[in-house]
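Down below is the structure, laid out as structure tokens.
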Amino acid sequence: MDIVLETDQLGKRYGRAWALRDCSLRLPAGRVAALVGPNGAGKSTLLHLAVGLLRPDAGAVRVFGRTPYDDIAVLSEVGFVAQDTPLYRDFTADELFTMGARLNRRFDTALAHRRLAQIGIPRDKPVGKLSGGQRAQVALALAMAKRPRLLLLDEPVASIDPLARREFLQALMGVVAETGTTVLLSSHILADLERTCDYLIVLHASQVKLVGDVSTLLAEHRQLVGPRDGGPLPAEVAQVVRAEHTHRQSTLLARTNAPPWDPAWKAYDVTLEDLILAYLGDGDARPHAAWEVPA
Amino acid sequence: MIWLTWRQHRKQALFTAIGLALLAVFMVPTGLAMRHTFADLGLDDCVRALGTASMIPADADTCGKASIQFNSQYAVMTMIGVLFLVLPLLVGLFWGAPLVAREIEQGTHRMVWTQGVSRGRWALVKFGIAGAVALVASVIYGLGVSWWLTPMSQAGQHGRFNIFFFDMQGTAPTGYTIFAVALGILAGTIWPKVLPAMSATLVGFLGLRIALTTLARPHYLPARVLTFPIKDATEQTNPAAGDWILSYGIRDASGKMITANAQIACAPDATGPGAACGADLGITSGAYNWQLYQPGTRFWLFQGIETGIFLAIAALLLYLAVRRIRRVA
């Protein structure tokens, strides 16, 4: 399995505060990965490190086996759409593509034209006069025309309306299917991710909480409902991610090897959203020391 | 990269060109008119006759009346000319400061630095083009103002070496302009917003310009001292010498300054109205006129030193800017 992006104990500090710390993860080729976390969790920092805008303060990041900081060889393999899809607003799409063709060794202008023609965005209008959704599409076309092997998108849909968001994600899925590009997409809009992503990275408070294939992760986690004072946890529970208690019963989101046999506990499947929210909860706020089950 | 820089900044380039053209529209006719008057008053010949020596025979200055007439006619031009001092600063504010600051303020640096060009090269091309435009504009401007000011300088009252007049002609404006642009660029990497970067450029530019003009420029080379007698004066200072007089006054026989900012020359056997030559001012026998000055022949040398200092500072600022750009994200 080819690893496109790999980080090892990666850390980045702004002044004394760590924006990202001890981040170790691997992104296999061909995946569409969601990078999820609340604002300030370090998502942008991780993407900026991956595209070489930032230099790590600790650990290492490798893209296609190379260190990306200020490395042109990596830049030409990576497409990047920054947060709020910044573009020169007085440029037309055509001028932006001219820029792309002049600044990149490999640039498929025809592909960019085709993409905009498909969604009906005029190429001769300054992009500052387009809608937010259209501008995001132009930014995506600009990034995809590099024919990148890795596409990094930083909150590409955060500031556009739901319809444009869906169109954008459809367009993204379209190009991914065409080109087989690996995608890492950060977002805090969870509903969108379920349809688009097959790989998940959860960041919280500068640290990686969860990494893995979405279907595997969903299969590994269960929501368990059982009595409040039900005694010991079922043996199958490897880790309690989150626990909620009412007067009579406890609801756990747990990583399990298999559904529990214990008839006192009922097991339910979890959705991607449940899973992400469970990992984004504050892990230290567990009410019972008893729930701390060694993995 | 060159295409991109041109496309991004063509409006500013156009405004710069329009500015220079407007300046030319003002300066060419007024410059020609001044030259015309200058020749009509016969100043050409008499200034040439004065030469460039610091002292001339007392009866040699035949230009006096004509030059006073010329200066009073064109006094307003010197006022207008002083306004030109701010032009290098304007270039720094509108070319230099937004160059990096606007990219970072609008986030477009993340788009352009992730194309296939390293940001080191991005910076070099952008700074190079901005610098080249500033260079061409300021050389045209500096030489143009030199031409325009020549009659005024020669007419004696505002020598080209004097503060303000030195600063707006020759190569010095080129040094100031490149410095202002470099300062604006660096300010933009430190305060990545256009307005704070412009403010910092304004403060930094004025601060260094004033400091260097008042503290450093008089000492680029050791100043010379000239003394000449008060009584029986057969010589006087030459208004056409173009010397930069740093200070002058009258000292007594022991060398103590009696009266600063005064100069007295009494011709032999002078019998003016009032007391004898300077007696009522407390001038005793043995007192003499004293002046500390930079000779006018050093004008281009000082221009070169001034320009060199500002270009060197600009180079340092640009180096720091490139270093900072490699750290921004």
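All of the numbers you see were taken from the coordinates with simple rules; none came from a lab. Note that the structure is predicted; figures quoted are calculated from it, not measured. We place every Cβ from the backbone using ideal geometry, glycine too, and count neighbours over all the protein chains shown.
In the range A:73-192, the alpha-carbon atoms span a convex hull of 94 Å³ per residue. Per residue, the convex hull spanned by the Cα atoms of chain A measures out at 146 cubic angstrom. In order along the range A:39-55, the Karplus-derived 3J(HN,Hα) couplings, from 6.51 cos²θ - 1.76 cosθ + 1.60 at θ = phi - 60°, round to 4, x, 7, x, 5, 4, 4, 4, 5, 5, 5, 5, 9, x, 6, 10, 9 Hz, and Gly and Pro are given as x.
Convex hull volume of the Cα atoms of the range B:71-168, normalised per residue: 97 Å³. For residue B:43, the shell of other residues with beta-carbons less than 14 Å away shows a net charge of -1, using +1 for Lys and Arg and -1 for Asp and Glu. Only Lys, Arg, Asp and Glu count, each charged at its Cβ (+1, +1, -1, -1), so figure out the dipole size of the range A:1-158 about its Cα centre, rounded to 20 debye. For this selection, approximately 120 debye. If you split all Cα-Cα distances of the range B:173-253 into 10 Å bins from zero, what percentages do you get per bin, shortest first? Pair shares across the bins are 14, 30, 21, 15, 13, 7, 1. Taking Cα pairs under 8 Å and at least six residues apart, what relative contact order does chain B come out at, in percent? Relative contact order of chain B: 24 percent. A Förster radius of 41 Å, combined with the Cβ-Cβ distance separating residue B:82 from residue B:121, puts the computed FRET efficiency at roughly 0.50. Note that the range B:247-253 has calculated 3J(HN,Hα) couplings of 7, 7, x, 10, 10, 8, 4 Hz, one per residue in order, obtained from phi through the Karplus relation 6.51 cos²θ - 1.76 cosθ + 1.60 (θ = phi - 60°); glycine and proline are x. What the Kirkwood sum gives for the protein assembly as shown is a hydrodynamic radius of 30.3 Å, with every pair of different alpha carbons counted. Can you give me the Cα centroid spacing of the range A:96-128 and the range A:183-208 in angstrom? About 28 Å separates the Cα centre of the range A:96-128 from the one of the range A:183-208. Considering all C-alpha pairs of chain B, those separated by over 30 Å amount to 48%. Computed from Cα atoms, the angle from the helix B:119-154 axis to the main principal axis of chain B rounds to 20 degrees.
Between B:96, B:120, B:159, the residue with the greatest mean-square fluctuation in the GNM of chain B (Cα pairs under 10 Å linked by springs) is B:120. Each distinct pair of alpha carbons in the range A:198-279 adds a 1/r term; the inverse of their mean, the Kirkwood radius, is 13.2 Å. Roughly what % of Cα-Cα distances in the range A:1-78 sit above 18 Å, to the whole percent? Value for the range A:1-78: 37 percent of Cα pairs lie more than 18 Å apart.
Partnerless cysteines in the protein assembly as shown, where a partner means another cysteine C-beta under 4.7 angstrom, comprise A:23, A:197. Which angle from 0 to 90°, rounded to the nearest 10, does the C-alpha axis of helix B:2-40 make with the longest principal axis of chain B? Roughly 20 degrees between the two axes. Under the simplified labelling scheme, the residue A:114-residue B:60 pair shows an inter-label distance of 8.5 nm, with each label point 7 Å from Cα along Cα→Cβ. Taking amide H as placed 1.01 Å from N in the peptide plane, residue A:199 has its amide H under 5 Å from the amide H of A:32, A:34, A:214, each at least 5 places away in sequence or on another chain. Would you mind getting me the FRET efficiency between residue B:258 and residue B:214? Use the beta-carbon distance for r and R0 = 22 Å, nearest 0.05. That gives a FRET efficiency of 0.30.
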